[in-house]
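My questions all concern the structure below.
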Amino acid sequence: MKIAMFSAVPPVPAHEGNRSRILALSRAVREQGHDLSFVWLRAGEDSSDDRAAMIAEFGEDRLHEVWPEGEVAGLLFLLRWLPRRLARKACRMLGMPKGTYARLDERARYGWRRRIQAVMEAVQPDVVLIEYVHYSFVALEPRPDRTSYIIDTHDSYSEQETALRSGKARAREWMFLRPGDEVAGFRRADVILAIQQQEADLFRRQLGSHPRNPQVAVVSHFVDLSAPPVGEHEGRRALFLGSRNASNVRSCRMLIDQVLPLVLRTMPDFRLVLAGKVCEAVEDHPAVLKLGRVEEVREAFEMAPLLINAMVMGTGINIKLLDAMAAGVPVVSTETGARGVPERFRSGIKVCPDGDPEGLAQMLLGLLSDGVQRRRLGHSCRADAERWNEEQHAQLRAVLAALPAGGGR
């Protein structure tokens, strides 16, 4: 089957969760024997490092770049949307809910439409896989009869309460959509992929009963099992891994302010290792080691083979937790941090109720003091990760096999 994957986010280097998701899904599609072309929706930025990595990953003949039409088109795009963005910013500063919402097709650049049509004619895909509902306008182009369309949702972007609770509204306000806009985007596709079951249930409720509703399927994140599990060491360390989004920053600060002092009281030589861009957003601390951005999460796990996943807010699924499982690294997590991972895959994860920093500290101290338990939980994590991947592959195969032989609607 020929599949064209459309994304404005380059998946390599995979140094953030959304990049990891896109890269892992693209590899899973190829592992199942499909012919994948990656269509990179470029907004005008140029990164030669990203482009070289993209060519290495997909091959020059399978990488298609869709650029907007020059500086004049860029200026027209800015003039079209800048007033609305400024108005939203003012509403947000005044605490008005409408300040957190963007328009469904706000990210569509001038010139993309003609170039998307050219790519479709060149690739002739059986399936078009679109990353994020915000780019569902790809499905509005003339649709060959045999082509089906799938949207990989990543997250739910229409719930105001979820937006405010996750802390993303200020950091990435353009991502949030009114429920009607999100549903309209979904109905452009034949299938939408939820990254976890709770969000699949939410999407079905939002869609209701309508003749043009897409199928809703759960295909969660695929983990990389190509490397052997990370080895143990005697250092009294635990890792917090995250990008600089508001959920990670707030969670990391809670960990440093409320949990770390309790751990240091019993274990003064303990060190918290931070990896990812979250390092840029939190203050220095004598018991905190900052690695900064790492190209491969394995580098961070080798520095501290115990994950403290102390998330206090967030939606979707916590990819760093799945990465730890794949690396054979035991995990201490809040309930929010373990969201989307069913109990049957938590045998190597110790879960503490939300809002209990003392409980987190005690769980962490218990594992730091017990090497036998750490190793046992690490083995369980790796075994769970292997079963997890098998389940996601089965679900992806089922989604692709169920597409109508003649293509989409």
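The values are calculated or read from the model by the stated rules, or taken from the named source; none is laboratory data. If you're wondering where the values come from, they're calculated on a predicted model, not measured in any experiment. Note that we place each Cβ from the backbone using ideal geometry, even for glycine, and neighbour counts take in every protein chain shown. Just so you know, the surface numbers come from the protein's heavy atoms only, side chains and all, with ligands and any DNA or RNA stripped out. Shrake-Rupley method; radii C 1.70, N 1.55, O 1.52, S 1.80 Å.
Is it the case that some residue within the stretch 305-312 is closer than 19 Å to residue 365 by Cβ and within 17 Å of the chain's Cα centre (by Cα)?
The initial filter retains those residues of the stretch 305-312 that are closer than 19 Å to residue 365 by Cβ, namely 305-310.
When the remaining residues are screened for being within 17 Å of the chain's Cα centre (by Cα), the result is 309.
For the stretch 305-312, residues closer than 19 Å to residue 365 by Cβ and within 17 Å of the chain's Cα centre (by Cα): present.
Quick check on the stretch 127-180: of everything there that is polar (S, T, N, Q) and part of a helix (DSSP H, G or I), which residue is modelled with the highest pLDDT?
First, pick out the residues of the stretch 127-180 that are polar (S, T, N, Q): 136, 147-148, 153, 156, 158, 160, 162, 166.
Next, from what is left, pick out any that are part of a helix (DSSP H, G or I): 136, 160, 162, 166.
Details: 136: 96, 160: 46, 162: 50, 166: 47.
Per the stated criteria, the residue is 136.
Hey, residue 340 hits all of (1) among the small types (Gly, Ala, Ser); (2) farther than 21 Å from residue 220 by Cα; (3) crowded, with 18+ Cβ neighbours inside 10 Å but one; which does it fall short on?
Going through the list (1) among the small types (Gly, Ala, Ser); (2) farther than 21 Å from residue 220 by Cα; (3) crowded, with 18+ Cβ neighbours inside 10 Å, residue 340 breaks only (2).
Could you tell me which residue of the stretch 267-290 is surrounded by the fewest Cβ atoms within 10 Å (Cβ to Cβ), considering only residues that are assigned to a loop (DSSP other than H, G, I, E, B) and within 24 Å of the chain's Cα centre (by Cα)?
First, pick out the residues of the stretch 267-290 that are assigned to a loop (DSSP other than H, G, I, E, B): 267-270, 276, 282-287.
Restricting the remaining residues to those that are within 24 Å of the chain's Cα centre (by Cα) gives 276, 282.
Numbers: 276: 26, 282: 19.
Among them, the one singled out is 282.
Can I ask one more? With respect to the numbered conditions (1) under 22 Å from the mean Cα position of the chain (by Cα); (2) outside any helix (DSSP H, G or I), which one is the sole condition not fulfilled by residue 399?
Answer for residue 399: the failing condition is (2).
Moving on. Among the residues of the stretch 121-134 satisfying the criterion of being open to solvent by 20 Å² or more (accessible area, probe 1.4 Å) and in contact (Cβ under 8 Å) with a residue 24 or more places away in the chain, which is nearest to residue 23 (Cα to Cα)?
126
If you don't mind, there's one more thing I want to ask. Could you check the stretch 190-205 and list, in sequence order, the residues that are in contact (Cβ under 8 Å) with a residue 60 or more places away in the chain and not polar (S, T, N, Q)?
The answer is 190, 191, 193, 195, 199.
Determine which single condition residue 321 fails, assuming it passes every other condition in (1) among the hydrophobic types (A, V, I, L, M, F, W, C); (2) farther than 22 Å from residue 11 by Cα; (3) crowded, with 17+ Cβ neighbours inside 10 Å.
(2)
Inspect the stretch 200-219 for any residue being in contact with a Pro (Cβ under 6 Å, 6 or more places away or on another chain), modelled with pLDDT of 90 or more and closer than 30 Å to residue 329 by Cβ and give the result as yes or no.
There is no residue in the stretch 200-219 that is in contact with a Pro (Cβ under 6 Å, 6 or more places away or on another chain), modelled with pLDDT of 90 or more and closer than 30 Å to residue 329 by Cβ.
Can you run down the residue pairs with Cβ atoms below 6 Å, 6 or more apart or on separate chains, where the first is in the stretch 1-28 and in contact (Cβ under 8 Å) with a residue 40 or more places away in the chain and polar (S, T, N, Q) and the partner is in a helix (DSSP H, G or I) and surrounded by 22 or more Cβ atoms within 10 Å (Cβ to Cβ)?
Cβ pairs passing all conditions: 7/22; 20/319.
Against the definition (hydroxyl-bearing (Ser, Thr, Tyr) and at pLDDT 90 or above), how does residue 47 come out, yes or no?
no
For the stretch 360-369, does any single residue satisfy the condition of being open to solvent by 40 Å² or more (accessible area, probe 1.4 Å) and of a type in the set (Ser, Thr, Tyr)?
yes
Counting only residues that are surrounded by fewer than 23 Cβ atoms within 10 Å (Cβ to Cβ) and of a type in the set (Gly, Ala, Ser), which one in the stretch 230-246 is farthest from the chain's Cα centre (by Cα)?
235
Across the stretch 9-31, which residue is surrounded by the most Cβ atoms within 10 Å (Cβ to Cβ) among those that are in contact with a helix residue (DSSP H, G or I) (Cβ under 6 Å, 6 or more places away or on another chain) and either aromatic (Phe, Trp, Tyr) or farther than 14 Å from residue 57 by Cα (or both)?
So the residue we want is 17.
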